[in-house]
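The values are calculated or read from the model by the stated rules, or taken from the named source; none is laboratory data. This is a predicted model, so every value here is computed, not measured. Glycine gets a Cβ as well: all are built from the backbone with ideal geometry, and neighbour counts include every protein chain shown.
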Amino acid sequence: MSNPVQFQDAFASIKKEIELENESKEKLQELEASLLSRIADYKSSVNNALLYTPVELFKSKILLQDSEVYEKLNSSLKQSLAELEEQECKRIMKERAYHKFMEEVIYLFLVDNYLQQLVSSFKDVDDSTSKVSIGALANSRYHGVGEPQGLVLIPKAINEEIGIDVDYNDYLLALLRLVDIIVEYTTNTIIRVSISSSSIDTQYVLTVINQQLIGQLQQGFQNLDLKNDNLRRKFDGLKYSYKKINGIVYDLSLRNLIKIEGDVN
């Protein structure tokens, strides 16, 4: 005859583990919310900038960030990661929260740099401009001073900015999110230029610049042997993004709206 007591003891132990794990999950969720709230102002500033064309951003100074903003961001990042390390929970849960937060920070840095570089490259664009050239890669984050470097920050530049080694999976996931934003920003810019009587028509060349940039990124991803399932799924979205921006460029070309040359080198 079986003894039910031994199973009761076993399941009681399992029940306790489940309760502790659920408690840890709740604490981690609260911590994640706290981490994200610390970068909310920076995120709001970047998202707001996406509503304006490159020339509008330059004239309005909307995207202008002073050094205190970045210092506060870096300080919040280090404090948040220290709190995460002190959290008592399974290592795998900590790692999941860490990578989620780091991806968000990297993504914001990528978008901010992309817009800053565009603003610098388009600041002198007018109806007499014949060509807009801009680099593809940036070895350091652009702070609005000096000559722009490139539209996409390399991992080393982010490492140096935040003093933390960037995991390549976090970087690539953030980079794929940047591609989505680039397509969205391209569409928004076209709409604003087309409906505004005061907009500079040469800004349509942004579509060509972004087409070349996404094309180069797609080629780069194709050279990678991606083992991460999430990365592979998101990479499929990159193909659709490239197809979409090709369609945008084709449509504008048929209407003879792209009147100057764009180059990403």
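Any residue in the range 19-26 that is among the small types (Gly, Ala, Ser), modelled with pLDDT under 80 and touching a helix residue (DSSP H, G or I) at 6+ places or on another chain (Cβ under 9 Å)? Scanning the range 19-26, I find at least one residue that is among the small types (Gly, Ala, Ser), modelled with pLDDT under 80 and touching a helix residue (DSSP H, G or I) at 6+ places or on another chain (Cβ under 9 Å), so the answer is yes. Anything in the range 50-88 that is closer than 22 Å to residue 196 by Cβ, more than 20 Å from the chain's Cα centre (by Cα) and at pLDDT 80 or above? List them, or say none. Within the range 50-88, 55, 56, 58, 59, 60 meet the criteria. Against the conditions (1) part of a helix (DSSP H, G or I); (2) closer than 21 Å to residue 126 by Cβ; (3) touching a strand residue (DSSP E or B) at 6+ places or on another chain (Cβ under 8 Å), residue 213 satisfies every one except (2). Filtered by the rule that a residue be surrounded by fewer than 16 Cβ atoms within 10 Å (Cβ to Cβ) and either within 18 Å of the chain's Cα centre (by Cα) or modelled with pLDDT of 80 or more (or both), the range 31-49 gives 33, 36, 37, 40, 41, 44, 47, 48. Filtering the range 169-221 to residues that are under 22 Å from residue 234 (Cβ atoms) and of a type in the set (D, E, K, R) leaves 170, 177, 180, 184.
Only residues that are more than 27 Å from residue 237 (Cβ to Cβ) and assigned to a loop (DSSP other than H, G, I, E, B): list them for the range 150-163, please. 163, the sole residue that qualifies.
Of all residues being touching a helix residue (DSSP H, G or I) at 6+ places or on another chain (Cβ under 7 Å) and part of a loop (DSSP other than H, G, I, E, B) in the range 164-182, which is surrounded by the fewest Cβ atoms within 10 Å (Cβ to Cβ)? Just the residue, please. Looking at residues that are touching a helix residue (DSSP H, G or I) at 6+ places or on another chain (Cβ under 7 Å) and part of a loop (DSSP other than H, G, I, E, B), I get 165. Looking across the range 236-263 at every residue that is part of a loop (DSSP other than H, G, I, E, B) and surrounded by 12 or more Cβ atoms within 10 Å (Cβ to Cβ), the one that is modelled with the lowest pLDDT is identified as 259.
Residues of the range 204-218 being in contact with a Phe, Trp or Tyr (Cβ under 7 Å, 6 or more places away or on another chain) and either of a type in the set (S, T, N, Q) or surrounded by 22 or more Cβ atoms within 10 Å (Cβ to Cβ) (or both), which ones? Residues satisfying the conditions are 214, 218. Among the residues of the range 183-197, those identified as within 15 Å of residue 57 (Cβ to Cβ) and surrounded by fewer than 19 Cβ atoms within 10 Å (Cβ to Cβ) are 188, 192, 196.
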